[in-house]
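Inspection log for the structure reproduced underneath, given as structure tokens.
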Amino acid sequence: MDPYAMNDDGTAKDPKAFKEALLANAGKMEALEKEPEVLKIVQGDDIHAFQELIKSVYQASNVQSEGPSSPDVSPVKTIMSPC
């Protein structure tokens, strides 16, 4: 199963696997170090906070993709990008 698999609402199907995949990805972790509060959630034990974080990123991505095209290189968006 893809560790980054998402539910329709933007939460992770397997939040533990999603977190483990993020933590194991040096590129994603380097990007997230620019966002200390987000990094704290990713590295923490609060699965609900983690699910809410990725859901908000997912929803923001959907809103942006429906709006005008503008590149977003936010470290938080790194969570949702493949690889």
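The values are calculated or read from the model by the stated rules, or taken from the named source; none is laboratory data. Since the model is a prediction, treat every value here as computed from it, not as a measurement.
Observations
- Of the helices (runs of 4 or more DSSP H) that lie entirely inside the stretch 15-57, those containing 1 or more residues that are more than 13 Å from the chain's Cα centre (by Cα) and within 18 Å of residue 1 (Cα to Cα) span 15-24.
- Among residues of the stretch 1-16, those that are modelled with pLDDT under 95 and more than 21 Å from residue 62 (Cα to Cα), counted: 1
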